[in-house]
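Working notes, beginning with the structure itself.
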Amino acid sequence: MAISQISVFVENSHGKLAAICDRIAASGVDIRALSIGDSSDFGVLRMIVSDAQKAKTALEEGGHLVSITKVIAVEMPDAPGSMARVIRDVTDAEISIEYVYAFVGVSKKHAYLVIRAEDNALTEDVLLSKGYVLATEKDISEL
């Protein structure tokens, strides 16, 4: 049930992020969530979008370096402690988490935690066994 995340290499200079967002908007793709990690020279922009392949194509046509990575989006109540419980359950299963970020899904009134783990399949099994609901590509496109 992993979903697609696009990652974009972004030069850390004026207007680069705006150009990426403009290009995605022009392609008709909706950005659902994003996270950016940066250094003084560049950043890696990670996004959950309504159509990852369409966004990737649009960005590549604009000369951007883009990749698609599979991540897990875990549905959780939008309440204090929800994220802590999900992370604890994954950690207790001895799975290393590479990174996380969260977003709120307005239409369902749930929050989602995006997880990139060392073993996505095992992480999915652990989360499903704990009763969590994992978002699908369709769920994301319908938010």
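A few points about this structure:
- Criterion: at pLDDT 95 or above and open to solvent by less than 60 Å² (accessible area, probe 1.4 Å) - qualifying residue of A58, A33: A58
- Of the numbered criteria (1) within 30 Å of K16 (Cα to Cα); (2) touching a Leu at 6+ places or on another chain (Cβ under 8 Å); (3) open to solvent by less than 40 Å² (accessible area, probe 1.4 Å); (4) modelled with pLDDT under 95, the one M47 fails is (4).
- Of the residues making up region 126-135, those that are touching a strand residue (DSSP E or B) at 6+ places or on another chain (Cβ under 8 Å) and open to solvent by 50 Å² or more (accessible area, probe 1.4 Å) number 2.
- Total residues in region 1-45, condition at positive phi and of a type in the set (S, T, N, Q): 0
- Near pairs, Cβ below 6 angstrom, 6+ apart or cross-chain, from region 64-93 (among the polar types (S, T, N, Q)) to any residue that is in a helix (DSSP H, G or I) and open to solvent by 40 Å² or more (accessible area, probe 1.4 Å): none
- In region 1-30, the residues that are open to solvent by 50 Å² or more (accessible area, probe 1.4 Å), touching a residue at least 40 places away in the same chain (Cβ under 8 Å) and over 17 Å from the mean Cα position of the chain (by Cα): R23
- Unmet requirement for V104, which otherwise passes all of (1) open to solvent by 60 Å² or more (accessible area, probe 1.4 Å); (2) in a helix (DSSP H, G or I); (3) at pLDDT below 95: (2)
- Inter-residue pairs, beta-carbon under 7 Å, first without any contact (Cβ under 8 Å) to a residue 40 or more places away in the chain and in region 35-54, second among the charged types (D, E, K, R), 6+ apart: F42/E11
- Filter result for E98 (open to solvent by 60 Å² or more (accessible area, probe 1.4 Å), in a loop (DSSP other than H, G, I, E, B), without any contact (Cβ under 8 Å) to a residue 40 or more places away in the chain and within 20 Å of A121 (Cα to Cα)): no
- The one condition from (1) part of a strand (DSSP E or B); (2) more than 15 Å from the chain's Cα centre (by Cα); (3) farther than 30 Å from G15 by Cβ that V74 does not meet is (2).
The values are calculated or read from the model by the stated rules, or taken from the named source; none is laboratory data. Worth saying up front: this structure is predicted, and the values here are computed from it rather than measured. Note that each Cβ is placed from the backbone with ideal geometry, even for glycine, and that neighbours are counted across all protein chains shown. Heads up: the accessible areas ignore ligands, DNA and RNA and are worked out on the full protein's heavy atoms, side chains in. Shrake-Rupley method; radii C 1.70, N 1.55, O 1.52, S 1.80 Å.
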